Amino acid sequence: MAAIPTTDGHHAAPNVLVTIWQNLRCSPSGSIGLLIVAAHLILAVISPWIVPHDPTAFDSQAILQAPSATYLFGTDHLGRDVFSRTLMGGQIALMVTMISIVISVAWGGLLGILLGLMGGWLDEAIMRLVDAIRAIPEMLFLLLIAGIVGTENGILILALGFLYGVEVIRIARSATLSVVAQDFVLAARARGESRRTIVLRELLPNVFDVLLVEGALRWSYMLLVFSALSFLGFGVTPPTPDWGVMIAQNRTTFGIAPWATFFPSCD
Amino acid sequence: MNQPLVQVEQLSIGYTTRQGAVRPVLRDVSLTLERGTTLGLVGESGCGKSTLSMSLLAHLRSGSRVFGGQVQVNGTNVFALDRTALEQLRGRQVGFVPQNASQALTPTMRIGAQATESLTLHRGLDTAAAHQRVTELFQRMRLPQPEALLQRYPHELSGGQQQRVVIAMALARQPDLLVLDEPTTGLDVTTQAHVLHLLQTITHEYGMTMLYVSHDLEVVAQVSDLVAVMYAGEVVEMAPVDRLFSQPCHPYTLGLLASLPRITQTTLPRPIPGHPPAPHEARAACAFAPRCAFATQQCQNEVPALSTVEQSPGRMHQVRCHHWQHVIQYEATIPHNGRSAPREPVDTLHDRTHALLTLQDVAVTYARPRLLDRLRQRPQPPATVERVSLAVQRGETLALVGESGSGKTTLLRAVAGLKSPSAGNITFGDLDLTIPVDRRSREIRRVIQIIFQNPDASLNPRQTVGQILQQPLRLYFDRDPAQYQEHIRLLLEQVRLAPHYERRFPSQLSGGEKQRVAIARAFAANPELVLCDEVTSALDVSVQSAVLEVLTDLQNRQGVTYLFITHNLAVVRAIADRVAVLYHGRLCEVGAVAQLAAAPWHPYTETLLGAVLAPEPGAPPRLLARDVPDPAPPARGCPFQRRCPRHLGPICNEDPPPWHTTDSGQRILCHIAPHDLEQRQTAEASLAFARD
Amino acid sequence: MLYMIVRRFLWSLIVFTLVSVVVFTLVELLPGDAATAYLGRNATPERLALVRSELGLDRPAPERFVAWVGGILHGDLGTSLSQRQPVGDLVWGRLRNSLLIGLIAAVISIPLSLLLGVIAGLNRDRWPDSILSIISLISMSLPEFVIGTLLIFVFSLQFGLLPAVTIIDDTAPLNELLPYTILPVITLTLIICGYLLRIMRTSIIDALRSEHVQMAELKGLPALRVVLWHALPGALLPAVTASALVLAYMIGNLVVIEAVFNYPGLGTLALNAIQDRDLPLVQAIVLVLAGCYLLINLLADIITFMLNPRLRTLRAG
């Protein structure tokens, strides 16, 4: 009794975007995830306009310089400006991450919803397969693909999109199951609505925000995975600036020029 | 010590929103509770009664704080206590019994450990003595095998048993004051009657003081000496129990009493218009003014003070209303039960030719035989619903009654095509209904509609009321979307909602309004048969009768047939023509509602009727059947054999009972012939509803 | 309960079989085969044919699968192409080294993060919570190779306290290996704690809000007893699942951490194998790590069964 509503949402229209925003705000990791996504996007869009130096230009006069007014973060062993490289280093990673997330949420979400709806032996079989794929260490999976097939962005996007789509299947499936159990879906079934209408009108609007939140949460995680790939030499090919690659390359000179390693880390 | 045990003085509790607005949940509440008495605290959901009761234990919901006033227990201000003193207060002086025992017991601890921990801590008992005390109380609460129970985990107990454990836990400490927050809500009527009875006997014996919180006037009438009625965070009326029920002075109390369906009444109760305000809603000086028939301009501007109607010691009657004198006069001039018009009787009771829906030997089972069990030839568990034969006449309301787990909903879903029966026939006119809904024709789907119990769950939160109502229109009538608008307005009007509700989302509606939208959605299909699944049990009393009114109104206008599921016999009496009683998925009795008024009944019907509480003080329920949990129907004999108060002996356990039909067309499934049943039943004391 | 555990174990076996199918199919689906991968640019038709017949790659896929699985059942994981020796010999020693850092890290970090999580949860929105939250946030958002690199910088290069990278044979006795495990273990601990602490914090906060904890308070029990007896046991359940999850994550990222410290574990072996395009070796490592993953999950489920009386009292059937 006497339930105290924590927000005064009683009279606010439950717009989808508002709900997503509220869901994200409720979970701290969600809001942080969203913040990171926003920061990254802004960075990616504005960096090309604000970089002070060409990130791939060598300056043999200025090798391993300490941070200064000219080179804000100093320079690396080839005399490249670390600040510019840091700014630009996210471009490819962000693009790959973004497309992979869209791919994984799209196919994983769709399959997850369908499985949740259908149930039965097919659902059971596919979920066991999902378990099996999840048991394979993801980094090894990605390295295997990158190592054997190649490190082109397209391939990495497909590999990441596939791998995380498998995760999304589980999320979407359980979200669907919880919605399907509700009376309004039962009411739609009792009315005799077609399966298509039930999915489109009753389920999707209620599962969609779960998927979006999931996408936002995966964002920084995927970015970490991708930069780890680059770090190991299977992501972005030098000399294109990339955070992971930069750290790997500058490790050897760490003792003398810590700035070259340190600054790219703090993406 | 002459001071009262509890003194609440001008207590205001509330919270501050993020925007900085102050939202009081309790306003200026003052109460006195003398030793050895029981105060009943009634009110609808959200009226602040739980907040008030918890304040006696100095417990505030997180985010809430005391704006003003104080609570004194044994002369000490509980909100001023430090940690240790607070633990002492809760451990020794004030015991608490929560509503939801299944949630309130720690799932990872054994019953014994939970029940004894505060005894060893606060009462200085050693483990053995604590066990002894708890076992004794378990025994008093008639829990089976109290010794063994100590070693059990909460999930191994039934709901009624958990509730008894929680009560016994609180009693074991022998506190001065027992605060009970809806301790029997959510229990079946028979279990509720038993638990109440035990509670009263034991607390009476201990001379315990109680604060009994409930939304249920019937329960409060049974247990209290004094009743306080709360509305929107205020105590609006307080009086001795007999006085409150015989001479209410606040329009809200009057309205509440009138809105109660009673087993003695065959007509619809009168609802209170509107719905209670949410804490943040703007309100008049008197919170009840918008719903009040007596309201004047004064009620808008001037906060009513607490007036004293009667002052003699022990008979104190107070009311917070400007016009209470008018209310008393009104009470004197208008007959106590001035209610809406009785339902038109439907004269097709035994006319088989008019049967709209026929069920023949229907069985539904959820158990799917496992391959392994089939190979081992293990006997299959008894079906959830079995051998149900019923005919529902066109235009009538057939109520399907039974306790939780009786298979009412399962049966309804079988008719709706959501769960296929495993045996038997369901026909609608001459059309076959045993097929699942997705194989039924559009026409059949249209004419059979279902309304669910919980409107929070049955309306899609992402659709506006307009979109929700459009769906059946789009599905069943190939009509131009431009015409929807008009149709939707009409539908809303039928359920007495204003046209602007069309643009609202379900989260912006109150419970009663949501249920009306669900009703409008069902009627958008222009149905012939509407299946109602406990449609009012999630609603507050004052709103419940308004929804029932809408339903009967629609029936009178459109001649639809209702298959109406409920556990509330008083509601059955008010709206149904015929009633079918289910126990464990087996029909026990089918007959006209009027036949509930006198014997013969099936022993189970008799038990249910006996357990019904009357909203009158001094009319205790009759406890007939033993209150033992009966989780699964027996494999042989009569389904009710384990709890039957008229048990004959081996025949009931071995042979399936026959159907007897009385002269008036009532059917009873029992080994005892109706004539004998009648003799035995009338020989005993009159039942709850036969009292007046 | 035994029934449940046996059932759960059988499920794990089925999933493991599926893993082997998936791994095998994956390698099949990749363009080229072990022979082309191994020979790379040196591939001539003759050499390919030679390596193929040597590896039995000229046989049809199902037959090879059966042979592969049959070999595994006999403890034969195949032959490494690059090192020309049985995969088993290579894998087991490295597995020992990886398990060493993994186990030490788990033993330190799981109890530590549970404790810190409880502290944060009990002091919700006060300074201990804020500090712990910031720390966990940093450790979660920095890639593990950055943390590792920073640690090397601080402990090895600045203070010279610990060896930066491992320069020791992978079959060295444990006591000689031990100093080299310190930095990887610290890195792992930081990552695990960051994640697990947050989970534990959330679940203890949820538990404190539950009705039965409120009831325990209303019985007048002291705060410590309420937390230890009424809140904690239930709150541990999600933490167990989360621990399994984070350990599984750790298995996946062994490659990165071992690479940072050049630690001679399965991860570096896998990295080398991939660089050498040594498919039989990669397959074997993937299978071994997947086995570890399933084992961890199995263990977590058994612990959950034991912690949850609802499951513990469940009867067979």
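The values are calculated or read from the model by the stated rules, or taken from the named source; none is laboratory data. What you see is a predicted model; the values in this text were computed from it and never measured. Here the Cβ positions follow ideal geometry from the backbone for every residue, glycine too, while neighbour counts run over all protein chains shown. Just the protein is used for accessible areas: all its heavy atoms, side chains included, with ligands, DNA and RNA removed. Shrake-Rupley method; radii C 1.70, N 1.55, O 1.52, S 1.80 Å.
Points to keep in mind about this one:
- DSSP bridge pairs, chain B: antiparallel proportion in percent, nearest 5: 60 percent
- The residue list B:SER312, B:CYS532, C:LEU26 was ranked by how far each Cα lies along the charge dipole of the protein assembly as shown toward its positive end, using unit charges on Cβ atoms, and B:CYS532 comes out on top.
- Anisotropy class of chain B from Cα gyration tensor, a/c 1.5 cut: oblate
- Global form of the range B:577-638, assessed from the alpha-carbon gyration tensor, a/c cut-off 1.5: oblate
- Formal net charge of residues neighbouring A:ILE103 (Cβ-Cβ distance under 13 Å; K, R +1; D, E -1): 0
- Ligands, DNA and RNA excluded, the heavy atoms of C:ILE205 present near 20 Å² of accessible surface to a 1.4 Å solvent probe.
- Cα centroid of the range C:214-277 to Cα centroid of the range B:548-594, whole Å: 56 Å
- Virtual spin-label span in nm between C:THR17 and C:ILE303, 7 Å along Cα→Cβ: 2.9 nm
- Bridge type composition, the protein assembly as shown - antiparallel percent by DSSP, nearest 5: 60 percent
- Label positions at A:ARG128 and C:THR171, each projected 7 Å from the Cα along the C-beta direction, are separated by 4.0 nm.
- Other residues within the sphere of radius under 12 Å centred on the Cβ of B:LEU121, judged by their own Cβ, net out at +3 (K and R +1, D and E -1).
- Taken about its Cα centre, the range B:355-691 carries a charge dipole of roughly 1000 debye when the Cβ of each Lys and Arg holds +1 and the Cβ of each Asp and Glu holds -1.
- Length released on extending from B:ILE328 to B:ALA619, taking residue separation times 0.36 nm less the Cα-Cα span: 102.3 nm
- Note on C:LEU10 and B:HIS675: with the Förster distance fixed at 56 Å, the Cβ-Cβ geometry gives a FRET efficiency of about 0.35.
- Overall form of the range B:541-618 per C-alpha gyration tensor (a/c, 1.5; a/b vs b/c): oblate
- With a simple spin-label model that places each label point 7 Å from the Cα along the Cα-to-Cβ direction, the separation between B:SER537 and C:ARG59 comes to 6.5 nm.
- For C:LYS219, a cut-off of 22 angstrom between C-alpha atoms picks up these lysines, skipping any fewer than 8 places away in its own chain: B:LYS49.
- Legend: residues A:PHE208, C:PHE145, sorted from most to least accessible area (1.4 Å probe; ligands, DNA and RNA excluded), read A:PHE208, C:PHE145.
- For B:TRP659, the accessible area of its heavy atoms, probed at 1.4 Å with every protein chain present, is near 90 square angstrom.
- Inter-chain shielding of B:549-555 (mean C-beta neighbours from other protein chains, 10 Å cut-off): 0
- In this assembly, the C-B interface accounts for approximately 2300 Å² of buried accessible surface in total, computed with a 1.4 Å probe and without ligands, DNA or RNA.
- Listed by chain and number, the lysines whose alpha-carbon sits under 24 Å from that of B:LYS419, ignoring those within fewer than 8 places in the same chain, are B:LYS408.
- With contacts taken as Cα pairs under 8 Å and at least 6 residues apart, chain B reaches a relative contact order of 13 percent.
- Ordered from highest to lowest accessible area with the whole protein assembly present and a 1.4 Å probe, C:CYS292, B:CYS532 read as C:CYS292, B:CYS532.
- Difference of contour (0.36 nm per residue) and Cα-Cα distance, B:VAL303 to B:SER45: 90.6 nm
- Counting only Cβ charges, +1 for Lys and Arg and -1 for Asp and Glu, the dipole size of the protein assembly as shown around its Cα centre is about 820 debye.
- Remark: accessible surface ordering of B:HIS602, B:HIS671 (largest first) is B:HIS671, B:HIS602, probe radius 1.4 Å.
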